[in-house]
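Working notes, beginning with the structure itself.
The values are calculated or read from the model by the stated rules, or taken from the named source; none is laboratory data. Computed from a prediction, not measured in an experiment: that's the story for all the values here. Reconstructed Cβ throughout: ideal geometry from the backbone, glycine too, with neighbour counts over all protein chains shown. SASA here: full protein model, heavy atoms, side chains in, ligands and nucleic acids out. Shrake-Rupley method; radii C 1.70, N 1.55, O 1.52, S 1.80 Å.
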Amino acid sequence: MGRKFVVGGNWKMNGDKNQINEIINNLKKGPLDPNVEVVLGIPAIYLAYVKSIVPENIGVAAQNCWKVAKGAFTGEISPAMIKDVGADWVILGHSERRTIFGEKDDLIAEKVTHALESGLKVIACIGETLEEREGGKTEEVVFRQTKALVPAIGDKWANVVLAYEPVWAIGTGKTASPQQAQEVHASLRNWISSNVSPDIASTVRIQYGGSVTGANAKELAACPDIDGFLVGGASLKPEFVDIVNATK
Ligand code: 13P
C-alpha cells in the first residue's frame, strides 16, 4: 500500500529558545529513520525560529490558523503567513481547540478548506471523549468529524493526514491499546472507502495520538492501519527519536 509513516511532534504551548535548541540538536543527532516523515508542530511565535535551525528533511507545522488570508482578526495567523515563514503544515481540529476554544466541525472545515487552498498540508484531528467512548459512540463521533472534513478537503486528500486522537488518551498516560487504536483506524478507513473512495482509503495516512511514548510506540506502529503518530508530551523529550524510529 506504500503509506509513508508520518510522525508529528505537537509541542502545544511549550518550549523556549533554550529548550527548542536542545530538541532540535537531539533530532539532528538522531539518527532518524529516513523512511519516516517527521513534522514538528510549533507555537506560532517560534515558527520562523525553528524553520531557521531545523534540517530540511523535517517538516514544520503551525498548530492552528484562521480561515482567511488577512484582515481584522486580532490575534490570529493565516496560512499565507505560515507559508511566508517557510512552514508547510498546519494542525487543525485538535481536541484542545475543540474543547478549550469551542471550535466546532463547521469552523474546522472552513479552516481546512482555506489552508489547503493556500497550499498548506493539513494534519486534521478527530477523536472521541471518554464519555462518548463509554456511551458506545466512538464510531458515530469520529465518522461525524470525518464527514465534516470531506467537502472541505475536496480533491486534496494527498495533502491531508488524519490524526485519530481519543481525547481520554491525550496527556493522561492512558494510551489506547493497539487493539483499540487499530479497531478505530480500520473502521475509519472503511468509512472513507464507502463515503469517499477506496483509492483514498488505501492511501490516506491515519496517525494515532494520545500518550504515545518511546515504550509503547513499537507495538502501536505494528498495527496495519496505524500510519504514524501525533505526539504531545514525548515530542519534547529525547525519546521522540525512538518514536520516529518505531517501525524499524
Ligand atoms: P500526549 O502525547 O501528550 O498525550 O498528546 C497527544 C496530542 O494531543 C498530540 O496532538
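Each row is one residue, and each column tells you yes or no for (1) under 25 Å from Ala222 (Cα atoms); (2) open to solvent by 60 Å² or more (accessible area, probe 1.4 Å); (3) β-branched (Val, Ile, Thr).
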site: Gly8; (1), (2), (3): yes, no, no
site: Trp11; (1), (2), (3): yes, no, no
site: Ile20; (1), (2), (3): no, no, yes
site: Val36; (1), (2), (3): yes, no, yes
site: Gly41; (1), (2), (3): yes, no, no
site: Ser52; (1), (2), (3): no, yes, no
site: Ile58; (1), (2), (3): yes, no, yes
site: Ala69; (1), (2), (3): no, no, no
site: Phe73; (1), (2), (3): no, yes, no
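Can you pull out the residues in the range 22-31 that are open to solvent by less than 40 Å² (accessible area, probe 1.4 Å) and either touching a helix residue (DSSP H, G or I) at 6+ places or on another chain (Cβ under 6 Å) or outside any helix (DSSP H, G or I) (or both)?
Ile24, Gly30
Taking the range 66-110 only, how many residues are away from the ligand (no atom under 16 Å from the Cβ) and part of a helix (DSSP H, G or I)?
11
Can you give me the number of residues within the range 129-141 that are touching a residue at least 40 places away in the same chain (Cβ under 8 Å) and closer than 16 Å to Ile170 by Cα? Lay out the reasoning, then the answer.
Keep residues of the range 129-141 that are touching a residue at least 40 places away in the same chain (Cβ under 8 Å), which gives 138-139.
Pick out the ones that are also closer than 16 Å to Ile170 by Cα and you get 138.
Count: 1.
Take the conditions touching a strand residue (DSSP E or B) at 6+ places or on another chain (Cβ under 9 Å), open to solvent by 10 Å² or more (accessible area, probe 1.4 Å) and small (Gly, Ala, Ser) and apply them to Ala124. Does it pass?
Against the criterion (touching a strand residue (DSSP E or B) at 6+ places or on another chain (Cβ under 9 Å), open to solvent by 10 Å² or more (accessible area, probe 1.4 Å) and small (Gly, Ala, Ser)), Ala124 does not qualify.
Residue-by-condition table, conditions (1) of a type in the set (S, T, N, Q); (2) over 21 Å from Val6 (Cβ atoms); (3) open to solvent by 20 Å² or more (accessible area, probe 1.4 Å):
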| residue | (1), (2), (3) |
| --- | --- |
| Ala158 | no, no, yes |
| Thr172 | yes, yes, yes |
| Gln182 | yes, no, yes |
| Ser194 | yes, yes, yes |
| Asp225 | no, no, yes |
| Leu230 | no, no, no |
| Leu236 | no, no, yes |
| Val241 | no, no, no |
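Counting residues that are in contact (Cβ under 8 Å) with a residue 60 or more places away in the chain, among the hydrophobic types (A, V, I, L, M, F, W, C) and in contact with a strand residue (DSSP E or B) (Cβ under 7 Å, 6 or more places away or on another chain), which strands (runs of 3 or more DSSP E) fully inside the range 153-248 reach at least 1?
Result: 160-164, 228-231.
Residues to consider are Ile153, Ile45; find the one that is buried (at least 18 other Cβ atoms within 10 Å of the Cβ) and away from the ligand (no atom under 15 Å from the Cβ). Give the steps one after another, and end with the answer.
Working: Ile45 fails: buried (at least 18 other Cβ atoms within 10 Å of the Cβ).
Only one candidate passes the filter, namely Ile153.
When you look at Leu107, is it over 18 Å from the mean Cα position of the chain (by Cα), closer than 30 Å to Ala201 by Cα and open to solvent by less than 70 Å² (accessible area, probe 1.4 Å), yes or no?
No: the conditions fail for Leu107.
Six or more apart or on different chains, Cβ under 7 Å: which pairs go from a residue in the range 91-105 that's more than 15 Å from Ile123 (Cα to Cα) and at pLDDT 95 or above to one that's open to solvent by 50 Å² or more (accessible area, probe 1.4 Å) and outside any strand (DSSP E or B)? Could you list them?
Glu103/Arg97
Consider the range 1-31. How many of its residues are basic (Lys, Arg) and either in contact with a strand residue (DSSP E or B) (Cβ under 8 Å, 6 or more places away or on another chain) or under 30 Å from Pro224 (Cβ atoms) (or both)?
3
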